[in-house]
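What follows is calculated from the coordinates using simple rules that are stated; it is not laboratory data. None of these values were measured; they are calculated from a predicted model. Methodologically, a virtual Cβ is constructed for each residue, glycine included, from the backbone with ideal geometry; neighbour enumeration extends over all protein chains shown.
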Amino acid sequence: MGIIHIDGRMTVKQLADEFYRDFACTLRVYKNPNATRIADDNERLGNIRIYNAPGSCDISVRPNITVGAFCERMKEEAGLVVRVASPDNWVLANENLTLSMVKTLRSQTTKKDMDEILQSVQKEIQNVDLDTTIKELQRNKSLILKQSKEISEEDIDSLSNAMSELSESSKKGRLKETINDWLQNNKTVLVAGVAGILVAASTIAGLSPIVIAGITATSACANIISTLIKNGN
């Protein structure tokens with residue numbers, strides 16, 4: 001997890017440099033709500049906020065947050081209009097990619113390349129047996145809690161419930177409706193966050209490969225729900 005410190009006296013360049021150092025992605029900062037006028041490097045953040053946000057604040061950001069969710073948080077919590085671009089600043093990142101995905105984009109990546117990445121993740125989700133994963137996750141709960149201080153029992157149960165919802169809705173042909181509910185309830189960020197913690201702990205000795213696969217797939221699902229809805233899947 002990274003902590004982005006924002007102070008009205010900071011320059012755009014200072015914020016962008018801090019963001020790149022922590023997440024290896026390019027941050028573009030804009031002067032207006034529609035993100036059509038990019039701010040100069042030497043402009044002070046306090047002068048380009050779209051509303052009177054607190055003078056300074058710290059925003060905790062997990063690498064597995066989606067680009068869209070991150071930009072929305074920056075707007076709501078810091079009053080800043082930002083967009084995330086590829087590491088080489090070649091193209092704006094697809095809002096359904098996570099920051100951790102964006103930092104791995106190759107030089108001069110195209111929007112088509114990013115769409116293909118999302119499609120490949122979608123295929124991975126379809127190949128995972130979520131019911132088996134839930135059982136294995138619960139069976140390994142004590143092992144995970146024992147070896148990782150960052151994870152709580154509530155985290156594991158939240159992820160299990162998310163997997164269960166996906167499994168049941170898929171069987172009933174209601175996957176699209178369930179994912180839409182997630183969007184409306186802002187549950188996607190929660191699921192992605194929980195799954196991200198568990199992915200980080202997936203190297204725990206003795207943790208079942210089935211659990212790792214299911215965790216990764218659920219995290220991926222939370223990160224590309226908008227794409228699933230757009231494609232009508």
Along segment 77-94, Karplus-curve 3J(HN,Hα) (6.51, -1.76, 1.60; θ = phi - 60°) to the nearest Hz, with x for Gly and Pro, reads 8, 10, x, 10, 9, 10, 9, 9, 10, 4, x, 8, 6, 7, 8, 5, 6, 4
Under 15 Å, Cβ to Cβ, from LYS135 - net charge with Lys/Arg +1 and Asp/Glu -1: -3
Restricting to Cα pairs under 8 Å and 6 or more apart, the percent relative contact order of segment 2-107 works out to 32 percent
Can you tell me how much longer the chain between GLU177 and ASN52 gets when fully stretched, taken as 0.36 nm per residue apart minus their C-alpha distance, in nm with one decimal? 41.3 nm
Taking the mean number of other Cβ atoms within 10 Å as a proxy for protection, how do you rank 58-65, 40-47 from highest to lowest? 58-65, 40-47
Computed for segment 1-74: size of charge dipole around the Cα centre, +1 on C-beta of each Lys and Arg, -1 on C-beta of each Asp and Glu, debye to nearest 20, value 160 debye
Output ordering of 95-103, 22-30 (per-residue mean of other Cβ within 10 Å, highest first) is 95-103, 22-30
Long-range amide H partners of ALA93 with built H, under 5 Å: VAL84, ALA85, SER86
Any chance you could run the full-extension gain for ARG106 through ASP157? It's 0.36 nm times the residue separation minus the Cα-Cα distance, nm to one decimal. 14.8 nm
Got a sec to turn the phi values of segment 130-145 into Karplus ³J(HN,Hα) couplings, 6.51 cos²θ - 1.76 cosθ + 1.60 with θ = phi - 60°, whole Hz, x for Gly and Pro? 5, 4, 5, 4, 4, 4, 5, 5, 5, 5, 9, 4, 4, 5, 5, 5
